[in-house]
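Colleague: Starting off with a structure, shown below.
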Amino acid sequence: MAQNQSKDTAEQAEFRAYCVDWLKSNHPGRPPVKLPLGALELSDPEALKWLQGWQKSAYDAGLIGCDYPTEVGGGGRDGCQIIANQEMQRAKTPFLPNIIGMGMAAPTIFFHAQDDVKAELLPGLLSGEDIWCQGFSEPGAGSDLANQQTFAERDGDNWKINGHKVWTSLAHFASWMILLCRTDKNDKYNGLSYFVVPISSMLGKGVTVRPLIKMTGQTGFNEVLFEDLVVPDKYRLDEVGAGWKVAMTTLAHERGAGPLVTPASGGMSNDEEGSVSTNSASSLAALAKGQPRAGKTAADDPLIRDEIVKLTIRQEAMRQNARRASVPALVDHPMRIPLQGKLVATELNQDLAELAYQIEGVASSLYVADDNAPAQGQWPLAYMNSFGVTIAAGANEVQRNILGERVLGLAKSK
Amino acid sequence: MATQPKNFGFGEDETMLRDSARKFFSDNCGADKVHRLVAGDPNMFREIDCAWDESLWQQVVELGWLAACVPEAAGGIGMPLVAAVSLAEEAGRSAYPSPLLSTFMSTFVLKACGTPASTEALGTIASGTPTTLAVTNSLGSLESGDTDVKVGNDGTLTGTSYYVQDARKCSQYVVSAEGAGGNGLYLVQAADPGVSIEADAIIDLTRDQAQLVFTGAAAVELAPPRAGAAALDAALPALLCLASADLVGAGEWLLQTTVEYAQTRVQFDRPLGFFQAVKHPLVNVMLEIDNAKSLTYSAACAMETGEDNALDLARMAKSQASDMGVFAASRAVQFHGGIGFTWECYVHLFFKRAMHSQTLLGDARHHRTILADSLIGRAA
């Protein structure tokens, strides 16, 4: 971090000092309610409200949306969001709740919406008062994103939308949605258009939000149904038929490969006393030391040990790959490491949690409600939840296609 | 802990050196040329030969690569370990038959000796003398305390070193031998009448390997008993990085060559790479290469800056590089299909080199077993 600071421009250095100072007296402290691991798992309205309060205060202080122009509610700075992110992380702040809004909707709106729509929507988005969700996935359009069936039909100055979106995180709290849908049934890619549509204000008036229950028993995402939802034409982003191109802006920023840095805070330990971390090889090693196996512990079993070390190596390699990716001279293809990120991280987490089953042995059968469950049943829960991320945002099979085609230059598998 | 440079210590000089090496090998050491040089006779019971291009080696010497990591005080350039690592990677990408890797390994062992005699020996390397390590016993033990060579009262060496890499391409040896109270390191000239070479019949066509039999061979002490073993231990992270880099380079060649084949070879009306049964494993090979490369660079950087975890990182690198090498080689043969199984296809050169390299200085499981003690604690 000392390195980062030494490379600050004058504006960045001054802004960093300001952030440090502000955070000293404005850290929100411990939450009054239990927070989930991240914004996408928010289900408690009280937790959301508290986090929205944090985002609003950071926004009002200028730590969020720093690099957006002032006309759209931003800070009008240059290269400062990364500084704010670093300092919020260092101050161990809570995470920001409007993650889809800031990471995906805001850059897409900024690059593709008309000016009055930017000015209308971006301030409430950046402040966190308006929660956003993403309407891309459909029952028939999962990994094959372009297979959108939700249809927008022109109706004078409005559009009438009908269709069915699924796996919509945060829809139950959302004011707005970024929506990819079809405007021409005869052209798969050029028949798509991109809208922003109101959700909470239109519930019962063309919009229905229903929670989906995950295999774990938890809620977390939803399905959203549109029945003749009327949306003014000004909420269309870019040209009719340009939806695929606009969606690429969204996805580039989702992968951290877009021009705008996503506001991100975090670092505050989520752990209450005695809570369990399920995201590192070292936590697996600690688990193994407490689990009996053949008269010793699982940490004494040579095969378990070897598996733990293999995962430790993958974890360290992931860290070192990120380091290498930032040195252009050490990568042959600029996207070779960035495009691996999601695939590698989600499979590592899945494999960590899977190994925990073997380490826990027969006791891995005990779930979160059982007082005898090792580590409060969090490892089996983490294993089941790990499939959410190996599937979401382009299933890992699709990620392998992308790497094989874009980086290795192999023939397209379709 | 010192601050770790984000670029692993790859400054402008190191990057330029790497780029010029890549060009040098692509101009002078293509797989077709290596194949003509070393794969002339497929007979399993052929005379053991040691084919290599000595004029190309002279060019390498003149480019100053051997001096790159020799300290300035010993007449070298004083570049960091990553410089040798990137040269080893480029050499691995060309399956370059030469004593380059052995000489780099010797350099880092000599640097760890820290005696006037070792400094002098480093000077001979800087001026172009190919050198290799003779530090392994008949069991192939990886322990610095094991050797089948003894130091006599008169200071000469007697006994045998096994699994000596590139023995017939080198003109001097850094020999581990048992003296009073432990193992020391000794410099022996290949031309000494007390040295005889018994070549091993090995699978890898791009290397040579031998037993060195010493009968009262004249020796210069590089590090006294015990200190020699300590120097080998201290240099181990560097040796592991260099062996890993060779594998990383081989992995890149295997991936690139197989990808090119999958782009052009058509079956069922499609290029092979269209099929996900081929595409996805090739992506997996790429992931494994990247892991091995980043771990290798990070270990080399940590060794250079004196990090406590340099050896752990180097073991991780060698473990990952070994498994990657085997995986990349096996997929390359498999996806080349029938032709990949033949002697005429160049893939077998890299397959054999990778299989040789994976066990050099310890295979993946060996290093993971030791890492487990360090990462988890000793088992009950």
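Colleague: Taking the Cβ-Cβ separation of residue A:242 and residue A:155 as r and a Förster radius of 25 Å, what is the calculated FRET efficiency to the nearest 0.05?
Modeller: Between residue A:242 and residue A:155 the formula returns 0.80.
Colleague: I would also like to ask the following. Nearest 20 debye, what's the magnitude of the dipole of chain B about its Cα centre given +1 on Lys and Arg Cβ and -1 on Asp and Glu Cβ?
Modeller: 900 debye
Colleague: May I ask for the angle, rounded to the nearest 10°, between helix B:54-63 and the longest principal axis of chain B, with both axes built from Cα atoms and the value confined to 0 to 90°?
Modeller: 80 degrees
Colleague: What FRET efficiency comes out for residue B:13 versus residue A:188 if R0 is 51 angstrom and r is the Cβ-Cβ distance? Round to the nearest 0.05.
Modeller: Given R0 = 51 Å and the Cβ-Cβ separation, E is 0.50.
Colleague: For chain B, which whole percent of the accessible surface, found with a 1.4 angstrom probe, sits on carbon and sulfur atoms?
Modeller: With neighbouring chains kept in place, the figure for chain B is 52 percent.
Colleague: I've got another one for you. How large is the accessible surface per residue of chain A, computed with a 1.4 Å probe and reported in Å² as a whole number?
Modeller: 44 Å²
Colleague: How do A:205, A:310 rank by accessible surface area computed with a 1.4 Å probe, from largest to smallest?
Modeller: The ranking, largest first, comes out as A:205, A:310.
Colleague: Heavy atoms only, probe 1.4 Å: what % of the accessible area of chain A goes to carbon and sulfur, would you let me know?
Modeller: The C+S portion of the solvent-accessible surface of chain A is 53 percent.
Colleague: Continuing with this model, one more query. Express in Å², to the nearest 10, the accessible area of residue A:305 obtained by rolling a 1.4 Å probe over the protein heavy atoms while all chains stay in place.
Modeller: Accessible area, nearest 10 Å²: 20 Å².
Colleague: Let me ask something additional. Provide A:167, B:57, B:52 ordered by accessible surface of protein heavy atoms (probe 1.4 Å), highest first.
Modeller: Of A:167, B:57, B:52, the descending order of accessible area is A:167, B:52, B:57.
Colleague: Around residue A:221, which amide H atoms from residues at least 5 apart in sequence, or from another chain, sit under 5 Å from its own amide H, with H modelled in the peptide plane?
Modeller: Sorted by chain and number, the residues that satisfy this are A:212.
Colleague: Sticking with this one: Which value, in debye to the nearest 20, describes the size of the charge dipole of the protein assembly as shown about its Cα centre when Lys and Arg Cβ atoms bear +1, Asp and Glu Cβ atoms bear -1, and nothing else is charged?
Modeller: For the protein assembly as shown, the charge dipole is close to 1080 debye.
Colleague: For the stretch B:252-290 and the stretch B:154-168, write down the distance between their C-alpha centroids in whole Å.
Modeller: 44 Å
Colleague: How far is the Cα center of the stretch A:122-146 from the Cα center of the stretch B:297-360, in Å?
Modeller: 43 Å
Colleague: What order do B:61, A:246 take when sorted by accessible area (1.4 Å probe), most exposed first?
Modeller: B:61, A:246
Colleague: Okay, next question. Springs between alpha-carbon pairs under 10 angstrom, Gaussian network model over chain B: which of B:160, B:369, B:296 fluctuates most?
Modeller: B:369
Colleague: If the chain between residue B:138 and residue B:379 were fully stretched, how many nm would it gain, using 0.36 nm times the residue separation less the Cα-Cα distance?
Modeller: Working it through step by step, the gained length comes to 83.9 nm.
Colleague: Something else: At a probe size of 1.4 Å, how large is the accessible area of residue B:335, to the nearest 10 Å²?
Modeller: Accessible area, nearest 10 Å²: 30 Å².
Colleague: A further question follows. Looking at the P(r) of the protein assembly as shown, how many percent of alpha-carbon pairs lie beyond 43 Å?
Modeller: Here the long-distance tail beyond 43 Å is 39 percent of all Cα pairs in the protein assembly as shown.
Colleague: Heavy atoms of the protein only, probe of 1.4 Å, neighbouring chains included. What is the accessible area of residue B:171 in Å², nearest 10?
Modeller: Counting only protein heavy atoms, the figure is 50 Å².
Colleague: So, in Å, what gap is there between the alpha-carbon centers of the stretch A:313-330 and the stretch A:30-86?
Modeller: Taking the Cα centre of each part, the stretch A:313-330 and the stretch A:30-86 sit 29 Å apart.
Colleague: Can I ask one more? Could you state the angle between the C-alpha long axis of helix A:378-391 and the longest principal axis of the C-alpha atoms of chain A, as a value from 0 to 90 degrees rounded to the nearest 10?
Modeller: The angle comes out near 40 degrees.
Colleague: Which cysteines in the protein assembly as shown lack any other cysteine whose Cβ sits under 4.7 Å from their own Cβ?
Modeller: A:19, A:133, A:181, B:29, B:50, B:69, B:113, B:170, B:241, B:301, B:345
The values are calculated or read from the model by the stated rules, or taken from the named source; none is laboratory data. None of these values were measured; they are calculated from a predicted model. Cβ coordinates were reconstructed from backbone atoms using ideal geometry, including for glycine residues, and neighbour counts include every protein chain displayed. Please note that ligands, DNA and RNA were not included when accessible areas were found on the heavy atoms of the full protein model with its side chains. Shrake-Rupley method; radii C 1.70, N 1.55, O 1.52, S 1.80 Å.
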